[in-house]
1. Can you compute the FRET efficiency between Asp140 and Glu310 using 1/(1 + (r/R0)^6), with r the Cβ-Cβ distance and R0 = 35 Å? Round to the nearest 0.05.
2. Need one number: nm distance between label points at Lys413 and Val392, each 7 Å from Cα along Cα→Cβ, rounded to one decimal.
3. Given charges of +1 on the Cβ of Lys and Arg and -1 on the Cβ of Asp and Glu, with all other atoms neutral, how large is the dipole of the range 1-145 about its Cα centre, in debye to the nearest 20?
4. List residues of the range 53-78, by number, whose backbone nitrogen lies under 11 Å from a label position 7 Å along Cα→C-beta of Arg95.
5. Order by neighbour count: Tyr76, Tyr377, fewest other Cβ atoms within 10 Å first, most last.
6. Provide the gained length on full extension for the span Met107 to Lys207, in nm with one decimal, where the gain is 0.36 nm per separating residue minus the Cα-Cα distance.
7. Kindly identify the chain as rounded, prolate or oblate by the Cα gyration tensor criterion: order the square roots of the eigenvalues as a ≥ b ≥ c, call it rounded if a/c is under 1.5, otherwise compare a/b with b/c, prolate if a/b is larger, else oblate.
8. Find how much the distance from Ser40 to Asp443 grows on full extension, using 0.36 nm per residue of separation minus their present alpha carbon separation; answer in nm with one decimal.
Amino acid sequence: MEDTIAAIATPPGEGGIGIIRISGENAKKILDTVFAPANSTIVENRKMSYGTIVDPFSQKVIDEVLSVYMKGPKTYTVEDVVEINCHGGMVPLRRTLELVLKHGARMAEPGEFTKRAFLNGRLDLSQAEAVIDVIKAKTDKTFDVALNQLEGIFSKKIKEIRKLLVDVLVNITVNIDYPDEDIEEITYDKLEQDLSLVRKAVAGLIKSADTGRILQEGLNVAIIGKPNVGKSSLMNNLLNEARAIVTEIPGTTRDTIEEHLSIKGIPVRLTDTAGIRETDDLIEKMGIEKSKESFNHADLVIFIMDSSRELSQEDLEIIEHLEQQKAIVVLNKIDLKQVVFCEQIAEMLPKAVIIETSMEKQQGIDLIEDKIVDMVYGGKVSQSDSVMVTNVRHKNLLMSAEKSVDDAIEMTKKKEALEFIEIDVNSSYEALGEIIGETVQDDIINEVFARFCLGK
């Protein structure tokens, strides 16, 4: 990492400012070459300086800027860092970057600034991954979880579990290598007890992964039902805007409508589907097929029924498809005379949550939102939990670590040779180390940082 890298660190397009970021041992030298301070010939460490970017060969002024030099190691990359605050247009940014590249820097690869922070020991790998999660956070809750991970709360938990495994490995190794020495002999009961503590800790993190994935990626919710039961009205009420057309004409919604929103901190991808019914209309038929695909791939299905009408064949077919899915059944139009009741639906869908509503009078909408939140957290993790797995790579490695511990526990119960148990305990230790980057391979590191944007 002896070379110096540079990139535009702000999003493309017009704005108040645009930032060129430079990192490496020649960062200060490059700044001194292209930057002319207005009131001084010296750029001081960690002090913003006003001046101009000037081409040293033509003496042409490129832009009027504010620049700051930050001497390492107390920087994001642990290297010397320069940031040039230009006017936020593509032309001044491009010209300034071209000048910086011409005088000793090379274009940074995606995520290379954060990669240097990791390689220089400022961040472990899970913290580095959290940087992109912070940037992409869609809700306050998602942001809080990502920020906790960036601050190292998740890493600390992983290190605590690895410390337990180290203690187990030390005891095993001592008993294998020095069986005749005057040391405390490890018992299989004690070994099983210690490994069970590790398994419990790992399993607790895995348990949070489903909720973590939803907070990271968003909850995919499909609203389904027959025509004119209140699907579009529910979508409009949740969005607090008239996004979907609402009429009394069956088949008004002929295609799926997708919107993104936040429900009490949970990012939601909400899909309003075409009403499911028998029809000869070719376009409507295509919409109905897309509806069926939507609820087959949904994390949560909201099935809306008209409680003032008897159950139809279409209702029964939908109910049959929902038996194995996480679902909320909404009995709408309770302001009219009801002929379908909660008890009746509960017998057919005992695992579903059933809510009575009136979209017309906006009754029960809050209950739907509350149940969505409850079903996301599902009693598995609370909203206040700070340690949560949001990364698929982390989940897979935790599952691998759990399997190795399970294998070790099983051999312990059978009183197998310590040498065999040691192999599985070490495998678990290595898998956890890969999460924080202590035992990870270079190709994995490169893949992680390739997902970053330029300038970060």
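1. After rounding, the FRET efficiency stands at 0.20.
2. For the pair Lys413/Val392, the computed spacing is 3.3 nm.
3. For the range 1-145, the charge dipole is close to 120 debye.
4. Correct set: 53-55, 60-64.
5. Tyr377, Tyr76
6. Length gained between Met107 and Lys207: 31.9 nm.
7. Working: a/c = 3.14, a/b = 1.23, b/c = 2.55.
Judged from the Cα gyration tensor, the chain comes out oblate (a/c at least 1.5, b/c at or above a/b).
8. Using 0.36 nm per residue and subtracting the Cα-Cα distance, I get 140.5 nm.
Where a number appears in this text, it was derived from the coordinates with a stated rule and is not lab data. Quick caveat: nothing in here was measured; it's all calculated off a predicted structure. Positions of Cβ are backbone-derived with ideal geometry, glycine not excepted, and every protein chain shown enters the neighbour counts.
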